[in-house]
Amino acid sequence: MEHEEMSLIPGLSRRDFLKSCGVLASVIGLSGPMAAPRVAKALEQLAKRPAIVWSCFQECLGCSVNLLQSRKPNPANLILKQISLNYHEAVMAPAGSQAEKSFRETVDSKDFYYIVEGGIATGIPNACTISGKTSMEICKDTYQKAKATIAIGTCACYGGIQAAAPNPSGSKGVTDFLKSEGISNPTVINSPRCPGNADDTVAILLYVLVKKALPELDSQGRPTFLFGQLVHDNCERRGHFDAGEFVEVFGDAGSEKGWCLYKVGCKGPVAYAPCPVTRWNGDISWPVMAGGPCIGCSEPDFWDKQSPFYEKAPGIKLPGDITPTQVGVGLGALTAVGIGAHFIGQAATGRLGKGGPQEGDETGSDEGGKR
Ligand code: FSX
Ligand code: SF4
Ligand code: F3S
């Protein structure tokens, strides 16, 4: 039998390695025949593994669990082999003073990337204290020394469930917290969703490491190459929305036919996120695919602003009332859309034109919500 060349990932063939690099290249917006080899070369040449400090503040640990459960040959494995996770309270082997030593040395080197999971307790600072320091002290000091800071999950981006009214601990996302500390224009890459998605995290890390630049961000601090489109734009049920075919109550005949969930509360028309593309549980599923409405977890203050979760989002007119291009208008001053990268990503993952009667046909041609 012919010997198959192995890659830098133990147990992963060179061919599968390049295939995963191709997917990563597409997600970060590289295209053409040299895109996958370019990503592969960049990963292989990361001789000095970039150090990561990962803080867990007010959260449920779902963001970490999602990353740690990513499965080979999931692209997350590629990058996890290439970084040095110097400090992560939940998964690091050292504890106590050894853990603190690792944290201090890495932060003082100023040669690391900072990932924050969870909100910052600003109203009751002692509500979140690690090794005698509050989340406020840790976050501000570490941000100021990091090469780049990524907020993973809606809690770190916007405060999350802790920030739901009446927000007893005064939870804030990293950007808002830094602003409240007098840092006028903090540079934080927000990767929301509740929990944060492993593929998003990996794509952002790869973008920063390979392109050596920060991605373009929208007005909520989210990379446009990932969060530039509405969930609604790429939903496999979109054809049913455009055809006026709705689930009226859970369990009805429309439910069985997989019709649109807008009338039972789906916030896909107001949520900017790549959920139909970078999915969950090893890329198996996402909320609407599994039969539940999107609750808009990629949006700031979604616990307050997108609830009640099982009632229609206000201000969305249905097909027949308006043209699909008007859906989503007025949802915020978001900047340029990463449509190109998005569709390359869809093609790379084989989803373009699949999953429902609408994608690519005339009625569901992704016009809803474009800005
Ligand atoms: Fe928050 Fe992460 Fe929601 Fe949890 O840890 S974004 S509570 S599901 O997953 O921070
Ligand atoms: Fe999909 Fe929800 Fe949009 Fe319906 S309203 S097409 S279920 S995202
Ligand atoms: Fe969240 Fe809606 Fe996606 S609930 S995970 S933004 S489908």
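The values are calculated or read from the model by the stated rules, or taken from the named source; none is laboratory data. On a predicted model such as this, the values are computed, not experimentally measured, just so you know. Here Cβ is always computed from backbone atoms with ideal geometry, including for glycine, and neighbour counts include all displayed protein chains. We work out accessible area using only protein heavy atoms, side chains counted, and drop any ligands, DNA or RNA first. Shrake-Rupley method; radii C 1.70, N 1.55, O 1.52, S 1.80 Å.
Things to note:
- Number of the condition not met by residue 291 [criteria: (1) assigned to a loop (DSSP other than H, G, I, E, B); (2) open to solvent by 50 Å² or more (accessible area, probe 1.4 Å)]: (2)
- The set of residues in the range 190-214 being farther than 19 Å from residue 155 by Cβ and charged (D, E, K, R) consists of 211, 212.
- Number of the condition not met by residue 279 [criteria: (1) more than 10 Å from ligand 3 (Cβ to nearest atom); (2) at pLDDT below 95]: (1)
- Test for residue 296: is it within 16 Å of the chain's Cα centre (by Cα) and closer than 22 Å to residue 62 by Cα: yes
- When restricted to residues that are touching a helix residue (DSSP H, G or I) at 6+ places or on another chain (Cβ under 7 Å) and either among the aromatic types (Phe, Trp, Tyr) or in contact (Cβ under 8 Å) with a residue 60 or more places away in the chain (or both), the range 236-257 contains 5.
- Residue count for the range 294-314 satisfying the condition of being part of a loop (DSSP other than H, G, I, E, B), within 24 Å of residue 219 (Cα to Cα) and open to solvent by 80 Å² or more (accessible area, probe 1.4 Å): 1.
- Candidates in the range 184-199 are the residues that are farther than 19 Å from residue 147 by Cα and not polar (S, T, N, Q); of these, the one that is farthest from ligand 1 (Cβ to nearest atom) is 199.
- Across the range 128-151, the qualifying residues are those that are crowded, with 24+ Cβ neighbours inside 10 Å and under 11 Å from residue 57 (Cβ atoms), and the one among them that is nearest to ligand 1 (Cβ to nearest atom) is 151.
- Just so you know, in the range 240-282 the residues that are within 16 Å of ligand 1 (Cβ to nearest atom), part of a loop (DSSP other than H, G, I, E, B) and open to solvent by less than 30 Å² (accessible area, probe 1.4 Å) include one that is farthest from residue 202 (Cα to Cα), and it is 267.
Listed here are the residues, each with its yes/no results for (1) touching a Phe, Trp or Tyr at 6+ places or on another chain (Cβ under 7 Å); (2) away from ligand 2 (no atom under 16 Å from the Cβ); (3) open to solvent by 10 Å² or more (accessible area, probe 1.4 Å); (4) within 26 Å of residue 193 (Cβ to Cβ).
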| position | (1), (2), (3), (4) |
| --- | --- |
| 94 | no, yes, yes, no |
| 109 | no, yes, yes, no |
| 113 | no, yes, yes, yes |
| 126 | no, yes, yes, no |
| 161 | yes, yes, yes, yes |
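- The set of residues in the range 145-172 that are farther than 23 Å from residue 200 by Cβ, out of contact with any strand residue (DSSP E or B) (no Cβ under 6 Å at 6 or more places or on another chain) and touching a residue at least 24 places away in the same chain (Cβ under 8 Å) comprises 145, 165, 167, 168, 170.
- So residue 236, is it at pLDDT 95 or above, surrounded by fewer than 24 Cβ atoms within 10 Å (Cβ to Cβ), within 9 Å of ligand 2 (Cβ to nearest atom) and in a loop (DSSP other than H, G, I, E, B): yes
- Inter-residue pairs, beta-carbon under 7 Å, first on the phi < 0 side of the Ramachandran plot and in the range 265-279, second acidic (Asp, Glu) and open to solvent by less than 10 Å² (accessible area, probe 1.4 Å), 6+ apart: 278/200
- Selection count where residues are surrounded by 15 or more Cβ atoms within 10 Å (Cβ to Cβ) and either closer than 28 Å to residue 97 by Cα or in contact with a helix residue (DSSP H, G or I) (Cβ under 6 Å, 6 or more places away or on another chain) (or both), scope the range 163-180: 7
- In the range 58-65 there is at least one residue that is touching a strand residue (DSSP E or B) at 6+ places or on another chain (Cβ under 6 Å), part of a loop (DSSP other than H, G, I, E, B) and modelled with pLDDT of 90 or more.
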